[in-house]
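J.: Please find one structure pasted underneath; my questions will follow.
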Amino acid sequence: MAAEKEKIARKLFEENHVLEELGNVNENESCNDNESVSKAGKDKEEEKEKDDPDYEPLDSSDDEWEAVSKPSPKKRHIVPCPITTPQTPRTPASSVVGFLSPRSTPRGKTRSRRGTKRSAACLSEDSEMGFWNDINVEDEAPVLPHFIPKRNPGAQLIMDRNYSPLQLFQLFFPYSVVNTIVKNTNSYAKMRTEAGKKFLWVPLKVKELYSYIALVIYMGLLSTKTITDYWSGKEIYNLPFPKSVMSRSRFQAISWNLHLCDLEEDRENAKKKGTPDHDRLFKIKPLYTDIIAACKTYFHPNRELAVDERMVASKARISFKQYMKDKPTKWGYKLFVLADSACGYTWNFFVYEGKSSLATGKGLSYDSVVRLLDLSVLGKGYHVYMDNFYTSPGLLLDLLEKKMLACGTIRCHVQGFPRTRANELSERAQRGSIRWLREGNLLFVRWMDTKMVSMCSTIHKAYDGSTVSRRVRNPKSGWEKRQIAIPAAAKDYNKHMGGVDLSDALIGYYNVIHKTKKWYKTFFFHFVDIGVVNSLILHQNLLKSQKKTPLTQKEFREALVAELVGIDKLPSASVDAEPSASCDQETSAPSAVEEELCWPEYFGSDARSGRRICVLCKVSGHKVKTPVYCTKCNVALCFVSSRNCFKKWHTVKPSESDEEE
């Protein structure tokens, strides 16, 4: 027992002696210890590098890292002592030589291996991506391919001929297309009557459908709260024109039964629902495809083109209805449109129907632009302007390979946009400040206007000396107009990007769209709008080439309505044009039966306004009253499913003697 006690006491004495030595370490000894720490750390690092091939040694010049990562060579194993044993107070960790507390880390220094590697990668990326230049550095203008269109830009008609508004409109709604709509509408009305729907219907004719379109355009010129107001007998309305064209009930019957596609083919397409073969736009296909072909056929655009979306207002319940918060029309169907920047002519468009199975995998914006640019018809050297939804470096380079140039605003997070921060434009930069960077054929420009604008172009040089007038705050806290620098890309973008907006404005002035629950009818009305506006642009193009004053849009629509209503003889073919129309047109004129059209009508504005005795029932000895009469024969006739005197009267009329009896 005594030997064991002596052994413990000797061990405690040695430990206390070690603590006293540690407490009395002077500066010279601590410096020597630091050197030994550094040597030991290096040795340990070399050993670790040999063991681990992926280990990266730290930079020896970073004193901060030497202090943090390299352990002290002194090993202190303190054995618990009795309470009576004197203890030297522990030195705070922050006061140990070479140790940096979290707060003592210099700003901007990284505190982890991963952070150090990332900062090095960013520096190398900055050196590879280049340097943002200001306008004092001259940019070299790119070599642009020549503008070689397939046809001469402008109207593709005989330029020295006079075309009436009706002849121009029939380029987009020819007799063959209208005849197809008439046939499908009659089939649809027959199906509904057989299903038990109760409404008055006589077969629709081509001439009558043109009159219906005339009233639709007229309603865009003169708006009322409801459709029935056009036929109202109230003195406050008193509109004689709609009554002279057709009755209210006939107009509503045509609107209810308007159908564009073939019923049998539509049923076959409906069976494919849920499969890739299902066509969601089949109900509008006969008119949809023909009007796009006509838009491309009778006009060739100028060099500057614009790509943008268009919203067709609708609140119908259908899956491809869209919501766009930045558009004036927020709910409706989205159309991607390619328009001529100079005049707003709608040259090509397609309806967005959701995710397409034919997508290339490069995104909706890429696919939309490629689909709209029909290179086989357009030619080469066109300048396409687009907003930041479409612009990407990959798209611009692919278009450049096809001899198509492009320019547009761009989002800074897209793939391919420079990530360098060297000499980048600050958010607080003065208005008119410019930075640019060129990577091969791509020019990236950042310009400070009311806010930061980023652009990408394959057309322009960075700065050509252009200026623009802006209101700028002066040192006295006032506002004054001043000329500030503007990049060539931004200047041309503001000038040429509004092609689709111009087309939308021309349509919006006299919009013909009516509220309807059927989505395909909404498209029918919009196609009428496109046909009228494109006809107007062709008219203006022709008259300007002949150095004559063209009609305004209001005057053009008024003349078109008058011609549509007063058609005496349908043209055997469309007007003479340089290229042949995309669709075959029928050459047959309407027959004499079509000229002398009879249809049933109510005596008054509705069925309760008056009833008369049916002439055929009177001959049979039955006095049956009916609200229906023939508009041509001016006789009262029953027109119900169980007693169709209207049909009997026009098939075999009774003799005058029978009528007198």
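J.: Inspect all residues belonging to the range 414-434 and state whether any of them is assigned to a helix (DSSP H, G or I) and in contact with a helix residue (DSSP H, G or I) (Cβ under 7 Å, 6 or more places away or on another chain).
T.: no
J.: Quick check on the range 234-248. Is at least one of its residues surrounded by fewer than 19 Cβ atoms within 10 Å (Cβ to Cβ), touching a residue at least 60 places away in the same chain (Cβ under 8 Å) and part of a loop (DSSP other than H, G, I, E, B)?
T.: yes
J.: Do you know which residues across the range 507-518 are in a helix (DSSP H, G or I) and crowded, with 20+ Cβ neighbours inside 10 Å?
T.: Taking the range 507-518 as the starting set, the residues that turn out to be in a helix (DSSP H, G or I) are 507-509.
The answer is Ile507, and nothing else.
J.: Another question, if that's okay. Restricting to the range 466-498, what's the tally of residues that are part of a loop (DSSP other than H, G, I, E, B), in contact with a strand residue (DSSP E or B) (Cβ under 9 Å, 6 or more places away or on another chain) and open to solvent by 50 Å² or more (accessible area, probe 1.4 Å)?
T.: Residues that pass the stated criteria total 0.
J.: Would you confirm whether or not the range 341-355 contains a residue that is among the charged types (D, E, K, R), farther than 25 Å from Pro487 by Cβ and open to solvent by 50 Å² or more (accessible area, probe 1.4 Å)?
T.: yes
J.: Let me ask something additional. Any residue that is within 14 Å of the chain's Cα centre (by Cα), among the charged types (D, E, K, R) and at pLDDT 80 or above - is there at least one of those in the range 363-373?
T.: Yes, that holds for at least one residue.
J.: A follow-up question, please. Would you say Ile254 is at negative phi and crowded, with 17+ Cβ neighbours inside 10 Å?
T.: yes
J.: Can you name every residue in the range 435-465 that is charged (D, E, K, R), assigned to a strand (DSSP E or B) and surrounded by fewer than 22 Cβ atoms within 10 Å (Cβ to Cβ)?
T.: Correct list: Arg438, Glu439, Arg446.
J.: Let me ask another. Does the range 213-229 contain at least one residue that is in contact with a Ser or Thr (Cβ under 7 Å, 6 or more places away or on another chain) and in a helix (DSSP H, G or I)?
T.: no
J.: Ok, one more. Answer with yes or no whether Lys334 is of a type outside the set (A, V, I, L, M) and in contact (Cβ under 8 Å) with a residue 12 or more places away in the chain.
T.: Yes, satisfied.
J.: Considering only the range 257-268, state which residues are open to solvent by 20 Å² or more (accessible area, probe 1.4 Å) and assigned to a helix (DSSP H, G or I).
T.: Leu263, Glu264, Glu265, Asp266, Arg267, Glu268
J.: Considering only helices (runs of 4 or more DSSP H) fully contained in the range 309-402, which possess at least 2 residues that are among the small types (Gly, Ala, Ser)?
T.: 364-372
The values are calculated or read from the model by the stated rules, or taken from the named source; none is laboratory data. Keep in mind that what you see is a predicted model, and the values were worked out from it rather than measured. Because the Cβ atoms are built from the backbone with ideal geometry, glycine has one as well, and the counts that use them run over all protein chains shown. Only protein heavy atoms, including side chains, enter the accessible area calculation; ligands, DNA and RNA are left aside. Shrake-Rupley method; radii C 1.70, N 1.55, O 1.52, S 1.80 Å.
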